[in-house]
1. Summarise the partner chain shielding of A:18-27 as one whole number: the mean count of Cβ atoms from other chains within 10 Å of each residue's Cβ.
2. What residues have an amide H closer than 5 Å to that of residue B:41, excluding those fewer than 5 places away on the same chain, when H is modeled at 1.01 Å from N in the peptide plane?
3. Rounding to the nearest 10 and keeping the result within 0 to 90°, find how far the Cα-based axis of helix C:30-40 lies from the longest principal axis of chain C.
4. Which ³J(HN,Hα) values in Hz, rounded to whole numbers, follow from the phi angles of segment D:61-70 under the Karplus curve 6.51 cos²θ - 1.76 cosθ + 1.60, where θ = phi - 60° and Gly and Pro get x?
5. Once the Cα atoms of helix A:103-120 and of chain A are each reduced to a long axis, what angle between those two axes, in degrees from 0 to 90 to the nearest 10, is obtained?
6. Between residue B:88 and residue A:16, how many nm apart are label points set 7 Å from Cα along the C-beta direction?
7. Taking the 0 to 90 degree range and rounding to the nearest ten, how far is the long axis of helix A:55-72 tilted relative to the main principal axis of chain A, both from C-alpha atoms?
8. Can you list the HN-Hα couplings for segment A:38-51, worked out from phi with the Karplus curve (6.51, -1.76, 1.60; θ = phi - 60°), rounded to whole Hz and with x for Gly and Pro?
Amino acid sequence: MHRHLTISPDPIDEASLTAERKMSDGMGAAICFSGVVRGSEGADAITAIDYEAFDKMARYQFGLLFDEVEKRWPIESIRLVHRTGVVKVNESSLWVEVIAPHRAEAFEACQFLIDEMKKVVPIWKRAIPE
Amino acid sequence: MHRHLTISPDPIDEASLTAERKMSDGMGAAICFSGVVRGSEGADAITAIDYEAFDKMARYQFGLLFDEVEKRWPIESIRLVHRTGVVKVNESSLWVEVIAPHRAEAFEACQFLIDEMKKVVPIWKRAIPE
Amino acid sequence: MTIPVQFYSYFKDLTGCESATVTLDADATIQDLLDRLFDRFPRLAEMPNSILVAVGVEYQPRDHVLRDGDEVSLFPPVQGG
Amino acid sequence: MTIPVQFYSYFKDLTGCESATVTLDADATIQDLLDRLFDRFPRLAEMPNSILVAVGVEYQPRDHVLRDGDEVSLFPPVQGG
């Protein structure tokens, strides 16, 4: 399984990432998920979220999750980008692409990866109020 | 809910579609699904799939599905492109983007739309063997 | 009344036509139309439950009553995506 | 042994530090380390069950025995995405 992980303060250029996609002839499904900073946290308006990562551990824990995905589904490729630092409202903090032979596997693996990430990968957020 | 439907023989330019994405500040999730022609149908190697659509009815039936999505989930935008004619192996025949406030809604609506499309939208395929 | 019928997908191969017309009595149903088509195109009758029928752009059941001016489409299960 | 401890997220606010060191007896556990830190940083003790503990890059339970050279990290529930 191809794995590509970026944890970085750089903006996520989804159009470029999409243009760089590689799929073999056996693959029939690609899903991209973008998590985008919303203009409010609960009742409060915000301007951005500041993401902090424990970088070394985050990379290790993402690696364990990728191992688990590879065990469960016949995924050809995962690419995942998580921004750190200040991410403004309407910008993506997370981008995940999963490539699989069939649609159901791609959807399952993508949701599993995001669900588990939110439990174990050491990244935290702090809302920046208006 | 913003709706954009294309049924056309033109190749699907996913990078451009991604670059043209619009989301309001209340939206936190965007999913794109690409359905790609695989190199085999069952045991047989193929070079392409030829898609035929009953165009007028397909547009009407997609419209009913979009209505249903709008009733069930707070989706801001659906963009859907389905190719017709000959689509070569490794090219996308279908591209769907769903934009929602939260991830779960985006995933549910996207899967619902594709599941239901495969039941009611009058499009058929014919594999082109090697 | 004379009802135009359009065929899609491999129904064009089964019938050898893209379209046909069927003359029916007033108040004829889709089932009446199908019975007439099965006489003319016996291969179409081989899997009668796999035939989807639309009048205009909407699916209709077998007991739907046809009206002059209706356009009927016959096709196999859809396969988009 | 002397164990370096790193704090993340709002644990830096609760303790006022990015990192600290704790001197412990051989075979001390993570719980022993936490008890020492709770004495020094009482606000950290307010929600003891919400503290996640890693040794190096792996999560470890409270009864995990620490070794000289271990690097410990303390942080609240994670919130990626």
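Only the coordinates and a few stated rules stand behind these numbers; no lab work does. A quick note: this is a predicted structure, and the numbers were derived from the prediction, not measured. Cβ atoms come from the backbone with ideal geometry, glycine included; neighbour counts cover every protein chain shown.
1. Numbers: counts 9, 6, 1, 4, 1, 5, 3, 9, 5, 5.
Neighbouring Cβ atoms belonging to other protein chains average 5 per residue here.
2. B:46
3. 60
4. Calculated HN-Hα couplings, in order: x, 4, 8, 5, 7, 7, 10, 4, x, 5 Hz.
5. So the inclination is approximately 40 degrees.
6. About 2.7 nm, to one decimal.
7. 30
8. Whole-Hz 3J(HN,Hα) from phi for segment A:38-51: 8, x, 8, 10, x, 8, 9, 6, 10, 10, 6, 10, 9, 9.
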